[in-house]
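Okay, so here's the structure we're looking at.
The values are calculated or read from the model by the stated rules, or taken from the named source; none is laboratory data. Computed from a predicted model, the values in this text were never measured in an experiment. Heads up, the Cβs are rebuilt from the backbone with ideal geometry, glycines too, and the neighbour counts pull from every protein chain shown.
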Amino acid sequence: MTWNPDQYHQFRAARSAPARDLQAMIPDRPFCEIVDLGCGTGEQTAQLAARFAAARVLGLDSSAEMLARAREHNAPNLRFAASDILELEGDFDLIYSNAALQWLPDHPALLARLWKHLRPGGVLAVQVPANHDHASHRLLSETADGFRTELGGYTRFGPAHGSSPVLTPAAYAETLDALGAAEITAISKVYPVVLNGAAGLLDWTRGTALVPYLSRLGEEDGRRFRAAYLERLTAAFPGGRVFYGFTRVLFAAHRPA
Ligand SMILES: C[S@@+](CC[C@H](N)C(=O)[O-])C[C@H]1O[C@@H](n2cnc3c(N)ncnc32)[C@H](O)[C@@H]1O
């Protein structure tokens, strides 16, 4: 997938609030090894490196474009590497991931896999968007239906539109408990975003949800796709102001020492 750091940063202020909440769920501990999974442009990886100055902090991402931007952050204890989250190697005292794990399927299996890379006494802290039932996602799936040939049959959530890998806070808590986690916190929180009509909603999704579709389409098909999506959005959100109650799930847990 081709991510665009500038497009993603357009709504930086709205996207940084959940990251602040997630970081507040991490206790002050003398962590040695920290990993930020799906670190994107690396702001939060750099924040972790500044807060935990004695730790070695690694940001992992599979996007060359995002990593190129991330590498502009410099600190003696900070480094970035290209890797798929599913190919994580090594053991960590803090496994952190903000707005990235929603791109991976089967979260119970994913958490079980990540748990094996968490050292005893370590902390797992994750935030994932949970707004897949919002009209903007439904309309995106409907738009994709009309581009089945151009997309090679791809839809973000498979044939059952709307099914997302993201679980409820209670389901994450149960999954973590089954892994033997302690001090489990799992919450859902709405982060209000006000956008400029349907065009604003399109811009918002261009930084994230649209990425896998546009990466699969050439320039002309991509332009047609955006126009078709905008038409649907405009019919559903005809006003100049769109209130988007963006729901996210945050959870943190400790692995007993
Ligand atoms: C929405 S961005 C979030 C970036 C950053 N964590 C933040 O909060 O600003 C999602 C990031 O996850 C990365 N990503 C998605 N799937 C991935 C995977 N399987 N392995 C590694 N990185 C992945 C993308 O490349 C992208 O940079």
**Complete:** Pairs returned, first residue in segment 129-146 that is over 21 Å from ALA227 (Cβ atoms), second residue that is of a type in the set (Val, Ile, Thr) and surrounded by fewer than 19 Cβ atoms within 10 Å (Cβ to Cβ), beta-carbon separation under 6 angstrom, 6 or more apart or interchain, are ALA130/VAL166; ALA130/THR247; ASN131/THR247
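For every residue, the table says whether it meets (1) buried (at least 22 other Cβ atoms within 10 Å of the Cβ); (2) in a helix (DSSP H, G or I).
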{"site": "ALA49", "(1), (2)": "yes, yes"}
{"site": "ALA53", "(1), (2)": "no, no"}
{"site": "ALA68", "(1), (2)": "no, yes"}
{"site": "ALA81", "(1), (2)": "no, no"}
{"site": "ARG113", "(1), (2)": "no, yes"}
{"site": "VAL123", "(1), (2)": "yes, no"}
{"site": "VAL126", "(1), (2)": "yes, no"}
**Request:** Kindly list, by first and then second residue, each pair from a residue in segment 66-85 that is assigned by TED's automatic domain parsing to the domain that holds LEU37 and closer than 14 Å to ASP36 by Cα to a residue that is at pLDDT 95 or above and polar (S, T, N, Q), limited to pairs with Cβ atoms under 6 Å and residues at least 6 apart or on different chains.
**Result:** MET66/THR41; ALA70/THR41; ASP84/SER62
**Prompt:** Residues of segment 152-169 being touching a helix residue (DSSP H, G or I) at 6+ places or on another chain (Cβ under 6 Å) and at pLDDT 90 or above, which ones?
**Reply:** PRO165, VAL166, LEU167
**Prompt:** Which of the following residues is closer than 19 Å to THR155 by Cβ and over 25 Å from the mean Cα position of the chain (by Cα): ALA209, ALA235, ALA228?
**Reply:** ALA228
**Residues of segment 83-100 satisfying the condition of being part of a loop (DSSP other than H, G, I, E, B) and either of a type in the set (Phe, Trp, Tyr) or within 11 Å of the ligand (Cβ to nearest atom) (or both)** = SER83, ASP84, LEU88, ALA99, ALA100
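Residue under question is ARG12, and the condition is that it be within 11 Å of the ligand (Cβ to nearest atom) and surrounded by fewer than 16 Cβ atoms within 10 Å (Cβ to Cβ); does it hold?
yes
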**Message:** When you check ALA13 against the structure, is it under 19 Å from GLY207 (Cβ atoms), in contact with a strand residue (DSSP E or B) (Cβ under 6 Å, 6 or more places away or on another chain) and assigned by TED's automatic domain parsing to the domain that holds ALA252, yes or no?
**Reply:** no
**Asked** Is there a residue being modelled with pLDDT of 95 or more, within 14 Å of the ligand (Cβ to nearest atom), within 20 Å of the chain's Cα centre (by Cα) and of a type in the set (A, V, I, L, M) anywhere in segment 126-146?
**Response** yes
**Request:** Could you figure out which of (1) outside the structural domain of THR234 (by TED's automatic domain parsing); (2) surrounded by 15 or more Cβ atoms within 10 Å (Cβ to Cβ); (3) not in a helix (DSSP H, G or I) isn't true of ALA173?
**Result:** (3)
